[in-house]
Amino acid sequence: MTAEPTTAARPSTRRSGPGWWRDAVFYQVYIRSFADGNGDGVGDLAGLRARLPYLRDLGVDALWITPFYPSPMADHGYDVADPRDVEPLFGNLPEFDALLAEAHDLGLRVTIDLVPNHTSHQHEWFRAALAAGPGSPERARYLFRDGRGPDGSEPPNNWPSVFGGPAWTRVPDGQWYLHIFAPEQPDLDFTDPEVVADLEATMRFWLDRGVDGFRIDVAHGMAKPAGLPDMLPMEDTGLLDDHGPGDERFDQDGVHDVHRRIRAVLDEYPDRMAVGEVWVSDDDRLALYLRPDELQLAFNFKLLTAEWTPAALRDAIVHSLAAVDGTPAPACWVLSNHDRPRHVTRYGGGELGTRRARAAALLQLALPGAAYLYNGDELGMPDVDLPDEALQDPIWFRSGGAERGRDACRIPVPWSGSEPPYGFTTGTGTWLPMPEGWAELTAEAQESRPGSIQSLYRAALALRASSPAFEGEGLAWLPSPDGCLAFRRDGGLVCLVNLSGAAVPVPEGTVLLASGDVSGGQLPPDTALWLVA
Ligand code: GLC
């Protein structure tokens, strides 16, 4: 039998005012795939609004909603045509305002995506830049350059696009423009004062409406090196690249000026925050983004990229904590998101992957700091192998079919019933196909199953919010059997994860929760345990 919480519910120890985000559990809503409110097979704000009570009951503190702004959807919303409006596919501004008000009434904070690095090619600025021609102030907002070679027919430098192919596209008058991502996502030039001013206007637009903060897309990418020099030649990387030293496209020192501007706007509003998508693996370089006048949080992707081994997980935790040590920021833990294979699948899939994902949930939620869940984590959703004709990610097209892209981790969430579309939509089709065989995975089926992964998440989140064992931001490693990880939080919580191939004895103490059956006094392999001693 899975141990259920044994402590009586206490008033939340969670911060409710300044610094609320320091130990908050955020839930990432990938808007296309969370819930469809209008029957067109694509998730939207109305669908999310209807599911807010589910998220409250799950026990998360805050939402991160991925881009819902007007967009031609070349990168499913990360190509923003107007950052201060709502894409009709997803709803409208009154719908957003209603969602925000209802979320707040339920005690849920709402954070939204900010996409500063680039716009859509359909943004009015880019259309004006194309029309205005070389040397114009309209082109100065983007990175237009003449090409190399006698007739300028070679790209201005050797940068590859993250999505495959060159990072430059030529326009009819012969100039080239930079796009680190898809050609439909031209990069902005942050040395142009208008660009930063517009970002501030976008922030104020949403802060004035009452959002609690932002997730900042490609937060290490807004500044480009002077002169746009060639970088070390490298394979086209896709998002799996680590953006290491020598990759001139990212982590330029100038990006910190942008973060200071972002922070200055946030500081005009009480209790608002920003988390950055910062793909920087060096601890000291990452720490620079967390200085007192920059980001409050930076995703630390080490847990998301770690193999399921004790050495890799311990290393990920040690480095994540080292990166924030000496900064005002807590760590910020991520297991899955809309850009990477889901952890059930990374950990082996099937019954094994699910068992490990259950253990990983207790590991993630035991660590000090903020945590981000990706929609469907709480259901144990795996990736889905899609047929070629269903694929939609620009990576699939840009790589000429060499990379399958990220659709597999973006399948719509199954809510109820025994057949696709599992209550995701009242229509018949879904924007990515949903597989057969998910009847037991639905939120509804899991709700009434005490041993389900959803029940485990609910119990874990309730404990995390109510038990003083989770207080403090310190972590001390404890001796543990070979192949296991064990640590203690300041407040007394002990987390033990068994990554050895054999059962180990359950230590002395009161078990709060376990991800598997510990009734025989043994912690099985690939299982985690919370206790207080
Ligand atoms: C970030 C997003 C990803 C998007 C890219 C370009 O990495 O998470 O989904 O494709 O930025 O905006």
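The values are calculated or read from the model by the stated rules, or taken from the named source; none is laboratory data. Computed from a predicted structure; not experimentally measured. Cβ sites come from the backbone with ideal geometry, for glycine too, and all protein chains shown count toward neighbours. SASA here: full protein model, heavy atoms, side chains in, ligands and nucleic acids out. Shrake-Rupley method; radii C 1.70, N 1.55, O 1.52, S 1.80 Å.
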**Q.** Pairs with Cβ under 7 Å, 6+ apart, first in the stretch 365-390 and closer than 19 Å to G405 by Cα and part of a loop (DSSP other than H, G, I, E, B), second open to solvent by 10 Å² or more (accessible area, probe 1.4 Å) and not hydrophobic (A, V, I, L, M, F, W, C)
**A.** P382/T345; P382/G349; D383/P341; D383/T345; V384/P435; L386/P433
Q | Unique match (being assigned to a loop (DSSP other than H, G, I, E, B) and in contact with a helix residue (DSSP H, G or I) (Cβ under 8 Å, 6 or more places away or on another chain)) among P421, P433 | A | P433
Q: For the stretch 98-115, state whether one or more residues are part of a loop (DSSP other than H, G, I, E, B), under 30 Å from S16 (Cβ atoms) and within 15 Å of the ligand (Cβ to nearest atom).
A: yes
Q: Would you be able to tell me the number of residues in the stretch 298-345 that are within 30 Å of R261 (Cβ to Cβ), of a type outside the set (F, W, Y), in contact with a Leu (Cβ under 8 Å, 6 or more places away or on another chain) and outside any helix (DSSP H, G or I)?
A: 12
Q: Quick one: E184 ticks every box in (1) open to solvent by less than 30 Å² (accessible area, probe 1.4 Å); (2) within 15 Å of the ligand (Cβ to nearest atom); (3) not β-branched (V, I, T) except a single one, so which number is it?
A: (1)
Q: Could you grab the pairs with beta carbons closer than 7 Å, sequence gap of 6+ or different chains, first residue in the stretch 272-290 and of a type in the set (F, W, Y), second one outside any loop (DSSP other than H, G, I, E, B)?
A: Y289/H259; Y289/G276; Y289/A298
Q | A402 vs. criteria outside any strand (DSSP E or B), among the aliphatic types (A, V, I, L, M) and over 27 Å from C332 (Cα atoms) | A | yes
Q) Out of the stretch 114-138, which residues are in contact with a strand residue (DSSP E or B) (Cβ under 8 Å, 6 or more places away or on another chain) and surrounded by 14 or more Cβ atoms within 10 Å (Cβ to Cβ)? A) L114, P116, N117, H118, T119, W125, F126, A129
(Q) If the requirement is being in contact (Cβ under 8 Å) with a residue 40 or more places away in the chain and over 23 Å from the mean Cα position of the chain (by Cα), which of these qualifies: P412, P420, P435? (A) P435
Q) Is at least one residue of the stretch 161-168 free of Cβ contacts under 8 Å to residues at least 60 places away in the same chain, of a type in the set (S, T, Y), surrounded by 19 or more Cβ atoms within 10 Å (Cβ to Cβ) and within 16 Å of the ligand (Cβ to nearest atom)? A) no
Q. Of (1) over 27 Å from R249 (Cα atoms); (2) open to solvent by less than 60 Å² (accessible area, probe 1.4 Å), V334 satisfies all except one. Which?
A. (1)
Q | Matching residues, the stretch 504-523, being surrounded by 18 or more Cβ atoms within 10 Å (Cβ to Cβ) and farther than 20 Å from A462 by Cβ | A | V504, V506, L523
Q: Test E194 against the stated conditions and say whether it is surrounded by fewer than 18 Cβ atoms within 10 Å (Cβ to Cβ) and either within 16 Å of the ligand (Cβ to nearest atom) or assigned to a helix (DSSP H, G or I) (or both).
A: yes
Q: Quick one: in the stretch 28-76, of everything that is among the aromatic types (F, W, Y) and within 16 Å of the ligand (Cβ to nearest atom), which residue is nearest to Q122 (Cα to Cα)?
A: Y69
Q.
Consider the stretch 448-481. How many of its residues are assigned to a loop (DSSP other than H, G, I, E, B) and out of contact with any Pro (no Cβ under 6 Å at 6 or more places or on another chain)?
A. 13
Q: Can you give me the number of residues within the stretch 263-302 that are more than 16 Å from the ligand (Cβ to nearest atom) and either among the small types (G, A, S) or touching an Asp or Glu at 6+ places or on another chain (Cβ under 8 Å) (or both)?
A: 10
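Filter the stretch 445-491 down to the residues that are among the basic types (K, R) and open to solvent by 40 Å² or more (accessible area, probe 1.4 Å), then identify the one that is nearest to E419 (Cα to Cα). Steps first, please.
Initially, the stretch 445-491 is screened for residues among the basic types (K, R), giving 449, 458, 464, 488-489.
Subset that is open to solvent by 40 Å² or more (accessible area, probe 1.4 Å): 449, 458, 488.
Working: R449: 19, R458: 25, R488: 44 Å.
Of everything passing the filter in the stretch 445-491, R449 is nearest to E419 (Cα to Cα).
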Q | Set G37, G43: member being outside any helix (DSSP H, G or I) and surrounded by fewer than 24 Cβ atoms within 10 Å (Cβ to Cβ) | A | G37
Q) Under 7 Å by Cβ, and 6 or more places apart or on different chains, what pairs join a residue from the stretch 207-231 that is open to solvent by 20 Å² or more (accessible area, probe 1.4 Å) with one that is among the acidic types (D, E)? A) R209/D97; P229/E248
(Q) Going by what's in this entry, would G91 be described as in contact with a helix residue (DSSP H, G or I) (Cβ under 7 Å, 6 or more places away or on another chain), open to solvent by 50 Å² or more (accessible area, probe 1.4 Å), in a loop (DSSP other than H, G, I, E, B) and within 24 Å of Y372 (Cβ to Cβ)? (A) no
Q: Please identify the pairs in which a residue from the stretch 394-408 that is within 13 Å of the ligand (Cβ to nearest atom) has its Cβ atom under 7 Å from the Cβ atom of a residue that is in a loop (DSSP other than H, G, I, E, B) and among the basic types (K, R), counting only partners at least 6 apart or on another chain.
A: I395/R406; W396/R404
**Q.** Residue list for the stretch 169-181, filter: part of a loop (DSSP other than H, G, I, E, B), away from the ligand (no atom under 16 Å from the Cβ) and of a type outside the set (G, A, S)
**A.** V171, P172, D173, Q175
